[in-house]
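The values are calculated or read from the model by the stated rules, or taken from the named source; none is laboratory data. No experiment lies behind these values; they were computed from the predicted model shown. Note that we place each Cβ from the backbone using ideal geometry, even for glycine, and neighbour counts take in every protein chain shown.
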Amino acid sequence: MAAYLLYPLAALIGYLAGSIPFGLLMTRAAGVGDIRQIGSGNIGATNVLRTGRKDLALATLLLDSLKAGLVALGFGVLSGPEAGLIAGASAFVGHCYPVWLGFKGGKGVATFAGLLPFVSLPAFYVAAPVWLAIFAITRISSLAALTAAVLVAPGAWFVEELQHRPHNWFVLSGLAVLSAFVFWTHRTNLGRLLKGTEPRFGSSKAKPDA
């Protein structure tokens, strides 16, 4: 069977996995309430942290990352990096627009990060330290996410050049599209960043931003 015949299945399973709202499920199970009624209404880890439950926020971060990473890994092993990218990218879309929640989900940073190690290690090697450095300096999670996202595809290309590895243009192009998608999901944050009004993490006046 040709590998590309598995692409629709990768997209479907990836989307359904990505649509699992772990942040909402865990906060409800813990008795915190409906995370969509707290802060920004986002179902991601940053908003879960606003409940004061660091354990739930960490669990949400890990599970939102793994739901993309595992489908990317599974289909990557089964059918190659292209199928892995399609599965992981579909999980990203599912997280942002989950069918179970009226297509209102999170902003996709954790799911994007989760697929990178299984789709493009060079991209992960660039994006992870950039996110950590920008967040440590600015304490603005959206700025860290946007900066890391814009460097994912070119960073992967550059590392592959240094390692004299052949480029997979399907994967690089897909990563560039996902990076653009991150800018779309953070468009309100981007507007505040340009105005200089984006809150810093931990500020008493801060509202959830990612």
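For the range 158-166, check the following and say yes or no: at least one residue is closer than 29 Å to Pro21 by Cβ and assigned to a helix (DSSP H, G or I). Don't jump to the end; show me each part of the working.
First pass over the range 158-166, keeping only residues closer than 29 Å to Pro21 by Cβ: none.
No.
Any idea how many residues of the range 163-182 are within 14 Å of the chain's Cα centre (by Cα) and at pLDDT below 95?
Within the range 163-182, residues that are within 14 Å of the chain's Cα centre (by Cα) and at pLDDT below 95 number 0.
Residue-wise test of (1) free of Cβ contacts under 8 Å to residues at least 40 places away in the same chain; (2) closer than 25 Å to Gly14 by Cα; (3) of a type in the set (A, V, I, L, M).
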{"position": "Gly114", "(1), (2), (3)": "no, yes, no"}
{"position": "Leu121", "(1), (2), (3)": "yes, yes, yes"}
{"position": "Tyr125", "(1), (2), (3)": "yes, yes, no"}
{"position": "Ala128", "(1), (2), (3)": "yes, yes, yes"}
{"position": "Phe135", "(1), (2), (3)": "no, no, no"}
{"position": "Thr138", "(1), (2), (3)": "no, no, no"}
{"position": "Ser141", "(1), (2), (3)": "no, no, no"}
{"position": "Thr147", "(1), (2), (3)": "yes, no, no"}
{"position": "Gln163", "(1), (2), (3)": "no, no, no"}
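Examine the range 130-147 for a residue that is within 18 Å of the chain's Cα centre (by Cα), surrounded by fewer than 22 Cβ atoms within 10 Å (Cβ to Cβ) and over 21 Å from Asp64 (Cα atoms), and state whether such a residue exists.
Yes - at least one qualifying residue is present in the range 130-147.
Quick one: Val71 ticks every box in (1) surrounded by fewer than 21 Cβ atoms within 10 Å (Cβ to Cβ); (2) assigned to a helix (DSSP H, G or I); (3) of a type outside the set (Asp, Glu); (4) modelled with pLDDT of 90 or more except a single one, so which number is it?
In the conditions (1) surrounded by fewer than 21 Cβ atoms within 10 Å (Cβ to Cβ); (2) assigned to a helix (DSSP H, G or I); (3) of a type outside the set (Asp, Glu); (4) modelled with pLDDT of 90 or more, Val71 misses (1) alone.
So that you can scan it fast, the table gives a plain yes or no per residue for (1) at pLDDT 85 or above; (2) in contact with a Ser or Thr (Cβ under 9 Å, 6 or more places away or on another chain); (3) charged (D, E, K, R); (4) within 20 Å of Thr185 (Cβ to Cβ):
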position	(1), (2), (3), (4)
Gly33	no, yes, no, no
Gly41	no, no, no, yes
Thr46	no, yes, no, yes
Lys54	yes, no, yes, no
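Answer yes or no: is there a residue in the range 102-113 that is surrounded by fewer than 16 Cβ atoms within 10 Å (Cβ to Cβ), more than 13 Å from the chain's Cα centre (by Cα) and not in a loop (DSSP other than H, G, I, E, B).
No: the range 102-113 contains no residue that is surrounded by fewer than 16 Cβ atoms within 10 Å (Cβ to Cβ), more than 13 Å from the chain's Cα centre (by Cα) and not in a loop (DSSP other than H, G, I, E, B).
Quick one: in the range 13-44, of everything that is of a type in the set (Ser, Thr, Tyr) and closer than 26 Å to Glu198 by Cβ, which residue is surrounded by the most Cβ atoms within 10 Å (Cβ to Cβ)? Working first, answer last.
Taking the range 13-44 and keeping what is of a type in the set (Ser, Thr, Tyr), we get 15, 19, 27, 40.
Among the residues that remain, those that are also closer than 26 Å to Glu198 by Cβ are: 27, 40.
Numbers: Thr27: 24, Ser40: 19.
Across the range 13-44, the extreme among qualifying residues is Thr27.
Go over the candidates Ser40, Ser65, Ser90 one by one and state the one that is more than 14 Å from the chain's Cα centre (by Cα) and of a type in the set (S, T, N, Q). Steps first, please.
Working: Ser65 fails: more than 14 Å from the chain's Cα centre (by Cα); Ser90 fails: more than 14 Å from the chain's Cα centre (by Cα).
Matching residue, one of Ser40, Ser65, Ser90: Ser40.
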